[in-house]
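Just below is one structure, and these are the notes that go with it.
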Amino acid sequence: MRHKDLVSFQDYSTEDFWELLETALQLKRELRAGIAHTMLAGRTLAMIFQKPSLRTRVSFEVGMTQLGGHAIYLSPDDIKLGQRETTEDIAQVLSRYCNGIMARVFGHEIVEELAQYSEVSVINGLSDLLHPCQILGDLLTIYEKKRKLEGLKLAWIGDGNNVCNSWLEAGPKLGIAISVACPAGHEPNSKILEQARRLGTVEIVHDPKIAVKETDVLYTDVWTSMGQEKEVQERRKRFRDFQINQELLKLAKPNAIVMHCLPAHYDEEITKEVAHGPQSAIFDEAENRLHAQKAVLALLMR
């Protein structure tokens, strides 16, 4: 791996993605075979959190343990990022103690600043703009289900949020066509969208029924992300026609799979019937956060 950090996929090549995915597949196979790993023995990951988390915290902490290393959880009150002391100073201090930094934050500029001043690898565990670690787990899941990535079509149903933005950074580089169905005014980041269109097949539509035609993967996320709580009622009105339910699923390919990065708000963006149904890959996807992130840790921190 030629990269020091995983802040975004902007500079990641198709070859970089496959190196990560092949490493994740190998680590997953060996874990299930009972093979122990010590490649990160004696190494420590600092985990900075501004937002609450289930999958991100547990998968990174368990992943470090399974690779022979150790993780330290730093809550919002532990360091008060950018308040008690500057992000630059925090990056420099943690670089002296730890071998890597993972940050789950609000502003994307915080991850960029950590990477700028850190001497060790910085991993974007989530920002308001991007969520690259989620997409790596998604790609691993899709590959396991479909045995290929190139030539597939993914329909994103809902808000053009950070997960959607990261899909636009990754999908076109791997030959995945993306159709984003969202209400007007909720499109993904315009700069990221422009770059994605230069690399591959990307469309924006305002009718989910159009987006899911001939689709291999249906993907959704919550209508209201953390930090948008005041918009809940308004968003429920705007997004009420953007739900993955059994009727919408029938319009996709018969073997299409359904994905959601969780947590899910049932009967809003997705019905429980679909989320727990035979075409759902949601919980395989959640598990694969662990294996994909172990590949990131192994390749960046080793």
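The values are calculated or read from the model by the stated rules, or taken from the named source; none is laboratory data. On a predicted model such as this, the values are computed, not experimentally measured, just so you know. When we count neighbours, we look across all protein chains shown, and the Cβ atoms used for this are built from the backbone with ideal geometry, even at glycine.
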Problem set entry | Among (1) assigned by TED's automatic domain parsing to the domain that holds Gln66; (2) surrounded by fewer than 22 Cβ atoms within 10 Å (Cβ to Cβ) - the single one Ala264 does not satisfy | (1)
Exercise. Here are some residues: Trp167, Trp156. Which one is in contact (Cβ under 8 Å) with a residue 12 or more places away in the chain, surrounded by 21 or more Cβ atoms within 10 Å (Cβ to Cβ) and in a helix (DSSP H, G or I)?
Worked result: Trp167
Exercise. Only one of (1) assigned to a loop (DSSP other than H, G, I, E, B); (2) at pLDDT 95 or above; (3) surrounded by 22 or more Cβ atoms within 10 Å (Cβ to Cβ); (4) of a type in the set (A, V, I, L, M, F, W, C) fails for Trp223. Which number is that?
Worked result: (2)
Problem set entry | Filter result (of a type outside the set (Val, Ile, Thr) and either under 15 Å from Lys28 (Cβ atoms) or without any contact (Cβ under 8 Å) to a residue 12 or more places away in the chain (or both)) within segment 123-150 | Leu136, Gly137, Asp138, Leu139, Leu140, Tyr143, Glu144, Lys145, Arg147, Lys148
Exercise. Of Ala41, Ala33, Ala46, which residue is surrounded by 18 or more Cβ atoms within 10 Å (Cβ to Cβ) and either assigned by TED's automatic domain parsing to the domain that holds Leu94 or farther than 29 Å from Lys148 by Cα (or both)?
Worked result: Ala46
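Just checking, does segment 82-101 include any residue being part of a strand (DSSP E or B) and farther than 16 Å from Leu300 by Cβ? I'd like the intermediate steps shown before the answer.
Step one: list which residues in segment 82-101 are part of a strand (DSSP E or B), which gives 85, 100-101.
Narrowing the set further to residues that are farther than 16 Å from Leu300 by Cβ leaves 85.
Yes; the residues of segment 82-101 include at least one that is part of a strand (DSSP E or B) and farther than 16 Å from Leu300 by Cβ.
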Seminar exercise, completed: Exactly one of Phe60, Phe17, Phe106 is assigned to a loop (DSSP other than H, G, I, E, B) and of a type in the set (Phe, Trp, Tyr), and that one is Phe106
Seminar exercise, completed: Taking segment 38-58 and keeping only residues that are touching a strand residue (DSSP E or B) at 6+ places or on another chain (Cβ under 8 Å) and among the hydrophobic types (A, V, I, L, M, F, W, C), one is left with Leu45, Ala46, Met47, Ile48, Phe49
For this session: Identify, by number, the condition in (1) surrounded by 13 or more Cβ atoms within 10 Å (Cβ to Cβ); (2) among the hydroxyl-bearing types (Ser, Thr, Tyr); (3) more than 17 Å from the chain's Cα centre (by Cα) that Thr56 doesn't meet.
Result: (3)
Exercise. Do we have Phe9 as closer than 22 Å to Ile135 by Cα and surrounded by fewer than 22 Cβ atoms within 10 Å (Cβ to Cβ) here?
Worked result: no
Exercise. Got a sec? Which of Lys80, Lys51 is outside the structural domain of Tyr143 (by TED's automatic domain parsing), closer than 15 Å to Asn124 by Cα and surrounded by fewer than 22 Cβ atoms within 10 Å (Cβ to Cβ)?
Worked result: Lys51
